[in-house]
Amino acid sequence: MEYTALPKVQSFLNKEQLPLFIDGKQQPSQSDKKIAVHNPATEDILAYIPNASKADTDLAVNAAHKALNDGQWPKLLANQREKIMLKYADIIEKNEPELAQLLVLEHGKLYVDAQKEVSAAVNCFRYYAGWSTKIEGSTLDVSLGGASHFAYTKREPIGVIGAIAPWNVPIMMYAWKTAPALACGCTIVFKPSEETPLTALFMAELSLEAGVPEGVINIITGDGQNAGNNIVTHPLVSKITFTGSTEVGKIIGQGAAKTLKEFTLELGGKNPVLVLDDADITKVPKGAAKGIFYNQGQVCVSGSRIYLPKNKYDNFVADLGSIANGMKTGNGLDSTSQMGPLVSQKHMQNVMRYIDSGKQSGAEVVAGGSKLFDKGYYVAPTVFSNPENKNIDILTEEIFGPVIVAVAYDGIDDLIQKANDTSYGLAASVWTNNVSNMHKTLEKLNAGMIYVNSPVRSDPNLPLGGFNQSGIGNELGSESIKAYTRLKSVVIAY
Ligand code: NAD
């Protein structure tokens, strides 16, 4: 599809190697290794980014460390940080057309969803700007003898944040990790995914216009084994905030533990959609389709297995199948597309492997089940029927693509047992109109985030986090403030 790149976007699309963003300036990498960034809709190469070396990471971490201790950042009052963050939000908002276009190009998502993502990032910066002036400790009664004592706690910036992000919502990830860091007075070295690094570089440059001092935000690009690992193991990084797969999360946790860094891990999920017998069955298929096909199913909280009462199973699965069959898949820049391509060839192949495995294990394909088009990483929205709850890969493993598996259940206890039968515990959605059944279900579900009569959503004030293999710690809301500060207890004898 033909499109005209906006002038500021064009500067990110040259085929030369893009610079890193370190200490408030574009910094050529010291590495001679580069990685191609593809447009998943066309397979064209958009740009090359450096696979940053240890020397690059050292430069970035040292800049962040200097900005934290000796630069302008610690000298600013909380309300000055707030003002800068609000200005940053305004500038991001002003650049929405460029950011949305660049996001569609590097990721493949629909333009309308890219616009929503920019606006979510703006909201996130505004939300955390407000937090800058509201960080507090407490005064404490202590029972210490010998004198009178005054005791208090104070939250102070935890230090240099090392942030490592996945590719599914690149602009939101940048906001979720950078905004609370700024609010808390921390500095940050952010590594976007090597699949979608362009929007983070773009956003970091905008921070200068807002007056964020140099060294406060630094961007390192590259793969996980090198660039990511160098951040995780760097002695001057105080905290790792990681979002990505469970497999890599375990490696990151071990790496961070070696230098006793704090870490937050936001990991994968295999999220159940529970349709109770009393649910408004007319609303659920649309909601469930949105919950799995939004962003091509590449959302950690996508509802990828749906449990339906036996007596309504066939009708419901047919309805969901016809929604999937009716969806138009195409380039995210085409306003008639309803679903875009997957992010990369490697990911598309992985999703297709799962689809083939589903077919081989006897699940019935109700919709989709194939790759689409000669060019681009397109997979059709896919619905599998597996009424007998056969224990197959597509039901138990995270696919992270537009694939949903339907299973039948018999009674609420059976439903809860099946929904909880997973090593993950990230999110769940429950569809019901019965308050008593709703509470019974909510109480027993092993999931960090539960949505009732709604597909999953996010809000900056709503903490996000998973149970079991879905992660450690929480992000967003006041949880990020706790995670990016350290608590100092002080006792004064008088
Ligand atoms: P991934 O784990 O492959 O990569 C995530 C990031 O980690 C990338 O930047 C990558 O370069 C880096 N990385 C890889 N190996 C590393 C290593 N050894 N050391 C340091 N860094 C390393 O995940 P992905 O494929 O980019 O994203 C998809 C995954 O992210 C899915 O599992 C999804 O569920 C998860 N996710 C979770 C949430 C959440 O909030 N829980 C949100 C979005 C995505």
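Structure summary
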{"item": "Pairs with Cβ under 8 Å, 6+ apart, first in segment 21-33 and touching a residue at least 24 places away in the same chain (Cβ under 8 Å) and part of a strand (DSSP E or B), second aliphatic (A, V, I, L, M) and open to solvent by 30 Å² or more (accessible area, probe 1.4 Å)", "result": "I22/L59; Q27/L59"}
{"item": "From P28, P19, residue being surrounded by fewer than 13 Cβ atoms within 10 Å (Cβ to Cβ) and over 20 Å from L110 (Cβ atoms)", "result": "P28"}
{"item": "Enumeration of residues in segment 475-494 that are in a loop (DSSP other than H, G, I, E, B) and open to solvent by less than 60 Å² (accessible area, probe 1.4 Å)", "result": "L476, Y484"}
{"item": "Some residue of segment 6-15 being of a type in the set (F, W, Y) and open to solvent by less than 20 Å² (accessible area, probe 1.4 Å)", "result": "yes"}
{"item": "Test: residue in segment 324-346 that is closer than 23 Å to T196 by Cβ, aliphatic (A, V, I, L, M) and within 16 Å of the ligand (Cβ to nearest atom)", "result": "yes"}
{"item": "Segment 212-241: number of residues that are closer than 24 Å to C184 by Cβ and open to solvent by 10 Å² or more (accessible area, probe 1.4 Å)", "result": "8"}
{"item": "Test: residue in segment 359-375 that is without any contact (Cβ under 8 Å) to a residue 24 or more places away in the chain, over 27 Å from the mean Cα position of the chain (by Cα) and assigned to a helix (DSSP H, G or I)", "result": "yes"}
{"item": "Candidates I472, I412 - the one that is among the aliphatic types (A, V, I, L, M), within 14 Å of the ligand (Cβ to nearest atom) and either farther than 14 Å from N271 by Cα or open to solvent by 10 Å² or more (accessible area, probe 1.4 Å) (or both)", "result": "I472"}
{"item": "Any hit, segment 95-107, residues being in contact with a helix residue (DSSP H, G or I) (Cβ under 8 Å, 6 or more places away or on another chain), more than 19 Å from L13 (Cα to Cα) and not small (G, A, S)", "result": "no"}
{"item": "Criterion violated by T178 - all others in (1) crowded, with 22+ Cβ neighbours inside 10 Å; (2) away from the ligand (no atom under 16 Å from the Cβ) satisfied", "result": "(2)"}
{"item": "Residue in segment 161-168 that is in contact (Cβ under 8 Å) with a residue 60 or more places away in the chain and open to solvent by 20 Å² or more (accessible area, probe 1.4 Å) present", "result": "yes"}
{"item": "Segment 250-268, residues that are within 16 Å of A165 (Cβ to Cβ) and hydrophobic (A, V, I, L, M, F, W, C)", "result": "I251, I252, A256, F263, L265, L267"}
{"item": "Residue in segment 165-174 that is among the polar types (S, T, N, Q), within 16 Å of the ligand (Cβ to nearest atom) and within 14 Å of T241 (Cβ to Cβ) present", "result": "no"}
{"item": "Members of segment 415-431 that are hydrophobic (A, V, I, L, M, F, W, C) and away from the ligand (no atom under 16 Å from the Cβ)", "result": "L415, I416, A419, V430, W431"}
{"item": "Set T243, T196, T259, T187: member being of a type outside the set (F, W, Y), more than 18 Å from V118 (Cβ to Cβ) and near the ligand (Cβ under 10 Å from one of its atoms)", "result": "T243"}
{"item": "All positions within segment 437-464 that are among the acidic types (D, E) and open to solvent by less than 40 Å² (accessible area, probe 1.4 Å)", "result": "none"}
{"item": "Neighbours by Cβ (under 9 Å, 6+ apart or cross-chain): first from segment 36-53, closer than 11 Å to S344 by Cα; second at pLDDT 95 or above and aromatic (F, W, Y)", "result": "V37/Y48; H38/Y377; P40/Y377; P40/Y378; A41/Y377; A41/Y378; E43/Y377"}
{"item": "Test: residue in segment 136-159 that is in the same structural domain as H107 (by TED's automatic domain parsing), of a type in the set (A, V, I, L, M) and touching a helix residue (DSSP H, G or I) at 6+ places or on another chain (Cβ under 6 Å)", "result": "no"}
{"item": "Test for V237: is it touching a strand residue (DSSP E or B) at 6+ places or on another chain (Cβ under 9 Å), in contact (Cβ under 8 Å) with a residue 24 or more places away in the chain and near the ligand (Cβ under 7 Å from one of its atoms)", "result": "no"}
{"item": "Test result for L395, under 26 Å from the mean Cα position of the chain (by Cα), closer than 28 Å to L267 by Cβ and more than 16 Å from the ligand (Cβ to nearest atom)", "result": "yes"}
{"item": "Meets criteria (among the polar types (S, T, N, Q), open to solvent by 50 Å² or more (accessible area, probe 1.4 Å) and either within 11 Å of the ligand (Cβ to nearest atom) or in contact with a strand residue (DSSP E or B) (Cβ under 6 Å, 6 or more places away or on another chain) (or both)) for N434", "result": "no"}
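Each row is one residue, and each column tells you yes or no for (1) more than 29 Å from Q101 (Cβ to Cβ); (2) of a type outside the set (A, V, I, L, M); (3) at pLDDT below 95; (4) open to solvent by 40 Å² or more (accessible area, probe 1.4 Å).
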| residue | (1), (2), (3), (4) |
| --- | --- |
| P341 | no, yes, no, no |
| Q345 | no, yes, no, yes |
| M348 | no, no, no, no |
| M352 | no, no, no, no |
| G358 | yes, yes, no, no |
| D393 | yes, yes, no, yes |
| I399 | no, no, no, no |
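Conditions (1) crowded, with 22+ Cβ neighbours inside 10 Å; (2) modelled with pLDDT under 95, marked per residue:
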residue	(1), (2)
T243	yes, no
E247	no, no
G255	no, no
K258	no, yes
E266	yes, no
A289	yes, no
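The values are calculated or read from the model by the stated rules, or taken from the named source; none is laboratory data. Being a predicted model, the structure only gives us computed values, none of them experimental. Neighbour counts are summed over all protein chains in view; Cβ atoms, including those assigned to glycine, are modelled from backbone coordinates with ideal geometry. Just the protein is used for accessible areas: all its heavy atoms, side chains included, with ligands, DNA and RNA removed. Shrake-Rupley method; radii C 1.70, N 1.55, O 1.52, S 1.80 Å.
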